[in-house]
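This report concerns only the one structure given below.
Derivation of every value follows stated rules applied to the coordinates shown; laboratory data play no part. It should be emphasised that the depicted structure is a prediction, and the values quoted were computed from it without experimental measurement. FYI the Cβ positions are ideal-geometry reconstructions off the backbone, even for glycines, and counts take in every protein chain you see.
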Amino acid sequence: MKNKSLQIQFNGILENHNFSTHRYLLAISGGVDSMVLLDLFRQTSANFQVAHCNFQLRAEDANGDEEFVRNYCGLYNIPFHSVRFDVAAYQKTGNYSVEMACRNLRYDWFAEIQKINQLDFLVTAHHLDDNLETFLINLSRGTGLKGLVGMQIDNGRILRPLLEFTKNNLLEYAENNTLAWREDYTNATDDYTRNKIRHHISPVLKEIHSQFDENFLATLNHINDNYLIVQQRVDEIISDLFTGTNPIKIEISELRKLNPLTTYIHYLFEKYNFNSPNEIIKFLDSETGSEIKSTTYRLIKDREYLLLKSIEEINDNEITILNDFIEINSLNLKFVKSINPHENTTEIVDFTSISFPLKLRKVKEGDYFYPIGMKGRKKLISKFMKDLKLSKLEKEQVWLLCDQNDDIIWVVNYRLDERFKTTKTSKNFLNITLC
């Protein structure tokens, strides 16, 4: 086989990533890059299948690409998957460009095929020139260090074994091995940002320096090494300052000591999808109880701390208690009627003073009760929780046990209402145990 050196390098990359222990899904468009990838894989003992997306944006040309890849896979008995997308219809579901719509559609579909067929890695034909385009796009957008690292050969989900080869390397391999492929005429236009960089910027950079490709690859490796050092430092700070799990508690005074603060805030909170470090810095001076949100997390000011909690679906449904013996596993509560008070119970209520059905619910504005020990004086639940210095998150977790008239019997795990306490004349008891 001609151009054996590229095949040898490729095999070495697969071996470095333990290819024999994994099953792969190859994303194959029919273009020269993906057909080189497919041919290289076919020369190995790798366990793989092929997926092709038809976005129906180039009429019969797109259908021709699909048929071309299907026939190739049929010739070599390679498991083949294909799908046709209505890109325009998907664009109407959100503010998506054609490029973004196609990206979302194909990666969602790839993930579905991988799950159904138990395939470990998606494999794409991205090469060094693609990485240069990504680098320049991110640079033009004012990205941070992470954006300049570029695509990785292995990110744990996607394998890109051609990433260290140039477009010319792949063209030479295809020509030397008489590979057939399909040309996408849209690649010759300047309709997309990548095409403009590919046609007008990359050639100039390579003309300026004959060793540009090698130098660019070396630069990416240097940037990646530097980013790893930054991440190690960030991980150390998170280990020192971020305590607990959900919520995570962060002492504000310690956070303020970091310098440069804006950069540290960016790296500390980016994994929680907070994209504006300046917003977080301003938030440090907000009032207790204030909060800001990312797509996945809430950041809450609690006196001298920040609380970081994942956004979860809040269950506001009431839990109805229809009889006098019930266990509520979600709240670890057990209710048992008896003629004598049980030992080791959390609270004991005079059974004759309550009327079923009871219910457990969350706090509403204006709720009040008559806390035991306050000689019949009522108190707003909000004031009661404030006096206990509960954080905003702790307040959200408070449940109230109420009777059928919505009178509050018990602020669960905190205080019983005076009206429902047992007395010397009590003959029946409701034993409530917090397990």
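Observations on the structure shown:
- Residue 305 long-range amide H proximity, modeled H, under 5 Å: 252
- For the chain, the fraction of alpha-carbon pairs in successive 20 Å shells from zero, as %: 19, 36, 26, 16, 3
- Stokes-Einstein diffusion coefficient of region 235-301, Kirkwood radius over Cα pairs, 37 °C, 0.692 mPa s, in µm²/s: 268
- Rounded to the nearest 20, the size of the Cβ-charge dipole of the chain about its Cα centre is 1800 debye, with Lys and Arg at +1 and Asp and Glu at -1.
- Between amide H atoms placed 1.01 Å from N, distances below 5 Å from residue 26 occur with 49, 50, 51, 123, all of them 5 or more places distant or on a separate chain.
- Full-extension gain in nm, residue 211 to residue 378, via 0.36 nm per residue minus C-alpha separation: 52.0 nm
- Counted by Cβ distance under 11 Å from residue 388, the other residues give a net charge of +3, where Lys and Arg count +1 and Asp and Glu count -1.
- Candidates per trypsin sites (Lys or Arg not before Pro) in region 29-120, loop by DSSP, up to 14 other Cβ within 10 Å: 58, 92
- Gain on full extension, evaluated as 0.36 nm per residue between residue 87 and residue 407 minus their Cα-Cα distance, stands at 109.6 nm.
- Region 217-358, Cα convex hull volume normalised per residue, Å³: 187
- Region 96-132 and region 28-52 have Cα centres lying 14 Å from one another.
- Between the Cα long axis of helix 128-140 and the first principal axis of the chain there is an angle of about 50°, rounded to the nearest 10.
- For region 388-434, projected area of the alpha-carbon convex hull averaged over all directions, nm²: 4.4
- Look at the alpha carbon pairs under 8 Å that are at least 6 residues apart: their mean separation over the length of the chain gives a relative contact order of 11 percent.
- Taking θ as phi - 60° and the Karplus parameters 6.51, -1.76 and 1.60, the scalar couplings of region 417-431 work out to 7, 4, 5, 10, 6, 7, 10, 5, 8, 5, 10, 10, 10, 10, 8 Hz in sequence order, x denoting glycine and proline.
- Cα-Cα P(r), region 155-242, percent of pairs per 5 Å interval: 2, 10, 10, 17, 18, 16, 9, 6, 5, 4, 2, 0
- Residue 337 long-range amide H proximity, modeled H, under 5 Å: 431
- Here the scattering of region 225-266 is modelled by Debye summation over its C-alpha atoms, one equal scatterer each and no solvent; at q = 0.14, 0.21, 0.26, 0.35 Å⁻¹ the log10 of I(q)/I(0) is -0.34, -0.73, -1.00, -1.22.
- Across region 189-202, rounded Karplus estimates of 3J(HN,Hα) from the backbone phi angles (6.51 cos²θ - 1.76 cosθ + 1.60, θ = phi - 60°) give 8, 9, 6, 10, 4, 4, 5, 4, 5, 4, 8, 10, 9, 4 Hz, Gly and Pro being marked x.
- Taking the empirical scaling 2.2 N^0.38 Å for compact globular proteins as reference, region 325-435 has a Cα radius of gyration ratio of 1.04.
- Ratio Rg/Rh [Cα only; Rh per Kirkwood] for region 44-193: 0.95
- Cα-centred dipole magnitude for region 171-264, charges only on beta-carbon of K, R (+1) and D, E (-1), debye, nearest 20: 400
- The residues packed around residue 82, meaning those with a beta-carbon under 11 Å from its beta-carbon, carry a net charge of -1 if Lys and Arg are +1 and Asp and Glu are -1.
- The tail of the calculated P(r) for region 119-197 beyond 22 Å holds 36 percent of all Cα-Cα pairs.
- Ratio of Rg to Rh over region 198-256 (Cα coordinates, Kirkwood Rh, two decimals): 1.35
- Using θ = phi - 60° and Karplus 6.51 cos²θ - 1.76 cosθ + 1.60, couplings along region 165-182 (whole Hz; Gly, Pro as x): 9, 8, 4, 5, 4, 6, 5, 5, 4, 5, 5, 5, 10, 6, 6, 9, 7, 10
- For residue 192 and residue 254, a Förster radius of 51 Å and the Cβ-Cβ distance give a FRET efficiency of 0.65, rounded to the nearest 0.05.
- When peptides 120-126, 231-237 are ranked by their average number of other Cβ atoms within 10 Å per residue, the highest-first order is 120-126, 231-237.
- Counting only DSSP H runs of at least 4 residues, each contributing -39500 (n - 2.57), and dividing by the residue count of the chain, the helix-based mean residue ellipticity at 222 nm comes to -11500 deg cm²/dmol.
- Segment residue 428-residue 118, extension gain: residue separation times 0.36 nm, minus the distance between their alpha carbons: 105.7 nm
- Subset of 379/424; 92/301; 196/271; 167/196; 362/389 violating a 28 Å alpha-carbon distance limit: 92/301; 196/271
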